[in-house]
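Take a look at the structure below.
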Amino acid sequence: MSPETSSTVYRGGDPVAEMVRSGFAESFHRGSVAVVDPTGALVASVGDAASPVFPRSAIKPVLAVAMLRAGWKPASAAELAIAAASHQGEPIHVEQVEAVLSGAGLNENALQCPADLPGDPASRNAVVAAGGTARRAYMACSGKHSAMLATCAANGWDIGTYREPAHPLQQLLAAVIEELTGEPIAATGVDGCGVPTFAVGLTGLARAASRLVEAAEGTEERAVADAMRAHPRLVEGTDRVDAQAMEAIPGLLSKLGAEGVHLLAAPGFGAVAVKIDDGAGRASMPVALRAFTSLGHLTVPESAERAVQDLVCPQMWGGVLRTLV
């Protein structure tokens with residue numbers, strides 16, 4: 001690695017979680033955390049909160065904001081929520097994906113995300129039992145792709161090349177990411193679903209999430225935050241951690257990303273962005289939620305304390321994941 005590029009590469013974090021079995025710490029995760037206040041100012045951090053990371057699906061709420069600004073008009077809050085989702089291919093998810101496409105005069109054939117079976121075990125088993133096969137609409141990112149297509153249709157942009165970095169849609173998404181994070185994009189890669197993914201720092205990611213929940217009513221930012229919080233099971237899936245957290249804590253916005261990224265934000269408290277160095281999703285929510293309550297002073301209502309405790313210290317195969325932030 002040359003000296004010219006070393007300063008822009010994520011350098012790794014500190015120990016943030018450990019797996020404890022019978023009182024013995026048998027493994028641990030390193031990671032980084034950025035905590036910002038409601039104004040977006042960094043107030044606490046762990047590890048490398050500045051260097052860029054690929055946010056992966058955690059950036060989807062920001063992309064949804066950009067698509068609203070570009071003129072996409074979802075027919076419902078549920079359609080807007082699915083645009084920001086990493087869904088599990090349950091029937092409720094597929095229904096909204098198809099609704100977004102239909103509203104744009106398109107169908108599933110226009111999607112360019114990979115075909116997949118549902119991530120939800122019950123839904124996957126039902127599809128297989130009925131003799132079904134993989135579909136693009138089942139893929140976790142199909143909501144984002146359907147909204148991208150609808151945005152292209154609303155603007156008369158070419159739908160066949162919507163994944164290309166030079167496409168007007170992708171240029172717009174990049175510009176809004178830079179605006180809301182307050183940071184320049186450090187690198188552009190290809191996400192698992194085939195569209196560009198743009199690297200920014202954890203502090204910028206947290207700042208963007210805070211701007212969504214602090215935005216005034218009537219803004220695109222607030223519309224996305226409200227839609228996700230109104231339909232938490234569309235954002236990820238039934239009984240998944242994002243849905244559990246948003247259902248337990250009033251006002252909370254929660255969005256995971258691949259490779260151990262997680263964003264949490266709540267009005268009046270700011271936001272937290274987490275990156276787990278080894279990419280383990282099992283540690284991202286526990287660390288993010290613990291950091292938000294301990295470093296960001298997020299208030300948890302008494303009725304949610306048990307649910308939050310289960311999310312912060314989940315039991316896994318006889319062990320307990322313990323957070324260290």
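Values for this structure:
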{"quantity": "Hits in the stretch 1-40 (condition: surrounded by 12 or more Cβ atoms within 10 Å (Cβ to Cβ), modelled with pLDDT of 95 or more and assigned to a loop (DSSP other than H, G, I, E, B))", "calculated": "Asp37, Pro38, Gly40"}
{"quantity": "Failed condition for Ser254, given (1) assigned to a loop (DSSP other than H, G, I, E, B); (2) under 13 Å from the mean Cα position of the chain (by Cα)", "calculated": "(1)"}
{"quantity": "Matching residues in the stretch 68-100 - criterion: being touching a Leu at 6+ places or on another chain (Cβ under 6 Å) and open to solvent by less than 10 Å² (accessible area, probe 1.4 Å)", "calculated": "Ala81, Ile82, Ala85"}
{"quantity": "Options Asp239, Asp226; residue that is surrounded by fewer than 24 Cβ atoms within 10 Å (Cβ to Cβ) and either in contact (Cβ under 8 Å) with a residue 60 or more places away in the chain or under 19 Å from Glu178 (Cα atoms) (or both)", "calculated": "Asp226"}
{"quantity": "Enumeration of residues in the stretch 101-138 that are closer than 18 Å to Asp242 by Cα and crowded, with 20+ Cβ neighbours inside 10 Å", "calculated": "Pro118, Asp120"}
{"quantity": "Qualifying residues in the stretch 270-281 (those that are surrounded by fewer than 24 Cβ atoms within 10 Å (Cβ to Cβ) and touching a residue at least 60 places away in the same chain (Cβ under 8 Å)) - the one nearest to Ala50 (Cα to Cα)", "calculated": "Asp277"}
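The values are calculated or read from the model by the stated rules, or taken from the named source; none is laboratory data. Keep in mind that this is a model prediction, so the values were computed, not measured. Cβ atoms come from the backbone with ideal geometry, glycine included; neighbour counts cover every protein chain shown. Note: areas computed on protein heavy atoms with side chains; ligands, DNA, RNA excluded. Shrake-Rupley method; radii C 1.70, N 1.55, O 1.52, S 1.80 Å.
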